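Trainee: First, the structure itself, so that you have it in front of you.
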């Protein structure tokens with residue numbers, strides 16, 4: 001039975017492929033199990049920009065958020081990562097499974113520009129499940145934007 005992320009992607013009309021595999025202990029392990037390059041396994045990070053105000057940041061697996069770039073992009077001086085319970089409350093998903101698809105609230109989406117034009121794999125809201133989508137199509141359907149917001153690990 002499809003989970004909420006797969007159902008949401010389908011409702012948005014996004015072509016997708018579902019990957020089911022044993023839960024992975026790392027991004028690199030998940031990429032290996034899904035048969036994709038590390039840069040194409042995209043982490044969805046929920047970032048707090050204010051009280052009760054979050055944004056999803058889509059980060060290639062071989063990169064990390066550049067806090068100065070993200071603050072500049074959002075026009076704020078302070079950002080933080082919520083604790084696990086707060087992230088679940090904001091998204092409906094456990095850490096490690098967070099995805100913008102089917103989130104408890106449709107927070108804004110910023111995808112790192114390196115995902116533009118690529119086919120990427122995102123979490124699907126459950127451990128051991130991933131969704132493969134065209135980044136451009138997914139970001140457009142989520143009313144998101146692309147920006148240079150990461151740096152190498």
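No lab work stands behind these numbers, since they all come straight from the coordinates. Just so it is clear, the structure is predicted and the values come from calculations on it, not from any experiment. When we count neighbours, we look across all protein chains shown, and the Cβ atoms used for this are built from the backbone with ideal geometry, even at glycine.
Trainee: Which whole-number percent is the relative contact order of the chain (Cα, under 8 Å, 6+ apart)?
Mentor: Working: 317 pairs, mean separation 47.9, N = 153.
Averaging sequence separation for qualifying contacts and normalising by length gives 31 percent for the chain.
Trainee: Report the residues of the stretch 93-117 in range of a label on residue 143: point 7 Å along Cα→C-beta, backbone N strictly under 11 Å from it.
Mentor: Residues 106-109 qualify, since their backbone N sits under 11 Å from the label point.
Trainee: Which order, highest average first, do 51-62, 10-21 follow once you tally other Cβ atoms within 10 Å for each residue and take the mean per peptide?
Mentor: Details: 51-62: 19.2, 10-21: 13.7.
Per-residue mean Cβ counts within 10 Å order the peptides as 51-62, 10-21.
Trainee: Taking 0.36 nm per intervening residue step and subtracting the Cα-Cα distance, what contour gain separates residue 53 from residue 89 on full extension?
Mentor: Length gained, residue 53 through residue 89: 11.8 nm.
Trainee: What spacing in nm lies between the two simple spin-label points modelled at residue 10 and residue 73, each 7 Å away from Cα in the Cβ direction?
Mentor: So the two model labels end up 3.1 nm from each other.
Trainee: Right, here's the next one. Where does the chain land at 222 nm, in deg cm²/dmol rounded to the nearest 500, when only DSSP H runs of n ≥ 4 count, each adding -39500 (n - 2.57), divided by all residues?
Mentor: -7000 deg cm²/dmol, from helical runs alone.
Trainee: Would you mind telling me the antiparallel percentage of the DSSP bridges in the stretch 4-152, rounded to 5?
Mentor: Expressed as a percentage, antiparallel bridges in the stretch 4-152 total about 75.
Trainee: Give me the distance between the Cα centres of the stretch 80-152 and the stretch 3-44, rounded to whole Å.
Mentor: 10
Trainee: May I pose another question? For the residues 32, 6, what sequence is obtained by ranking on other C-beta atoms within 10 Å, fewest first?
Mentor: 32, 6
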